[in-house]
Structures are given as structure tokens and as C-alpha cells.
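Notes to accompany the following structure.
The values are calculated or read from the model by the stated rules, or taken from the named source; none is laboratory data. None of the values given here were measured: they were computed from a predicted structure. Using ideal geometry, Cβ is built from the backbone for each residue, glycine included, and neighbour counts are taken over all protein chains shown.
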Amino acid sequence: MLRNRLLAAMSANDFARLKPYLEPATLNLRDVLVEPEQPITHVYFVEYGLASVVAMGLDGEPIEVGHIGREGMSGQSVLLGVDRTPDQTFIQVAGSALRMPVEALRAGMSESPVLHALLLRFVQTTIIQLAQTALANGRFIVQQRLARWLLMCHDRLDGDDLPLTHEFLSLMLGVRRASVTEALHLLEGVAIVKAGRGHVEVLDREKLEEIAGACYGVPEREYCRLIG
């Protein structure tokens, strides 16, 4: 059974095109899947775990701009015909993936307009996610943004116990760790989450969605519309 939703959305013929080139890969914590400004040689279709796409300014300070879990793949830039990106993608929650060479994927796309269209629709969902992240960072308070990111992690990981550190959460939100701690305490105070050392347990997803409000849901609906 395919765990990756993007692979599962492919037609039987299109998946058969890619299958000979797919190989299992272990995703360890902090493994880098895409190096900034380096040729992307392989893409990873995540099955378990969570990858972060981070942007860095000239000062070297990173901020997360995207999530990749079992709904997608790393190295989306290659789907647009380019071989590298200034952004970095690395593993924040260990897991596994199916990986394949970029050239094999491009060959499959050139052979199948249907496959090409599906993968471009996936790129559209990542653009919407990025746009909504910018909207969240500009218009919503830290507590709402934290609720949104926790929901996004919850969507992509199994179970309610999310292995997320305060350091990772501060990177996701682009704020100080003290701000993350304060926001977590507010959510704990109303029994929505329970924070421990190196993990956050979701106790009440419905209330978490209420806190996130308009901050969450647009990319998720777009993914369902375009991918299924």
C-alpha cells in the first residue's frame, strides 16, 4: 500500500513508469534533502516523517516556509524545469521515503502529460501554502500561527504526539523561543495541547482549529481539490 498521497494519486500507468526508479530511503533527523544552490539529483516522496523547507536571508537567519509530509515530495523546483533553489529542505521528524533520480522523473513527465499536469498541480498547492504562511505571519498573532503549524504537523504525522522541539517551533514561526513557550502555555491552559520535552501532544484538535481560525485551511482545501 502506498503511503505517499501524491504517488497514490497517480494513474496505474503513470506509477508504473516511476516504480522501477523508486527506492526506499531512511530519513534521519537533520538529513538534508535539498542543499541551497546545489543541483537537485533526487526527489523524495515522503511516507513517514516531516521535512521543512526553509528560506535564509543574506544574514543566514532561517525561517520555515513550507512543510513536506506524506502528501508530497521534496525538490519541487525540478518540476518547473530548474535544477536548484536557494532554499534548503531538511528532516525535522525522522521517517522514510521513496526516492528517485530527477532525470527519471523528468522522463516520466515528458512521456505522460497526465503525470506532468498532476505534479504541476502539486506545485500549485505548495505555492498556496507559501502564500498562506506569508498571510499568517503578517496578520495573525503568535498563538494562532502556532495552532496553524501544529495542525499542519498533525495532518502529516501519525497519532497525536508530535515530536517537535521548542527550537523547531521557533524556526517554524520565526519568533523567539520565549514567545513559543508563552503561546504553548496559553494552549495548555485551556487543555488543547500538552507540551513535554521535545514533543507536543494534541489533546483537542477541534479547539486547535478554532484558535487557528482563518489562519488554517486554505492550502488543505486546495490540495483536496487539485490532488484528491
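Of note:
- Filter result for the condition that a residue is in the same structural domain as Gly57 (by TED's automatic domain parsing), in contact with a Leu (Cβ under 8 Å, 6 or more places away or on another chain) and of a type in the set (D, E, K, R), over Arg205, Arg145, Arg121, Arg156: Arg121
- Residue in region 89-107 that is touching a Ser or Thr at 6+ places or on another chain (Cβ under 8 Å), more than 24 Å from Leu6 (Cβ to Cβ) and of a type in the set (Gly, Ala, Ser) present: no
- Number of positions in region 168-197 that are out of contact with any strand residue (DSSP E or B) (no Cβ under 6 Å at 6 or more places or on another chain) and under 24 Å from Glu71 (Cα atoms): 3
- Figure legend. Inter-residue proximity from region 1-28: first residues over 18 Å from Leu50 (Cα atoms), second residues among the β-branched types (Val, Ile, Thr) and at pLDDT 95 or above, beta-carbon distance below 8 Å, spacing 6+ or different chains. Indicated pairs: Ala9/Ile227; Ser11/Val114; Asp14/Val114.
- Where helices (runs of 4 or more DSSP H) fall wholly inside region 133-228, the ranges with 3 or more residues that are within 18 Å of Pro62 (Cβ to Cβ) and not acidic (Asp, Glu) are 142-156, 166-173, 177-189.
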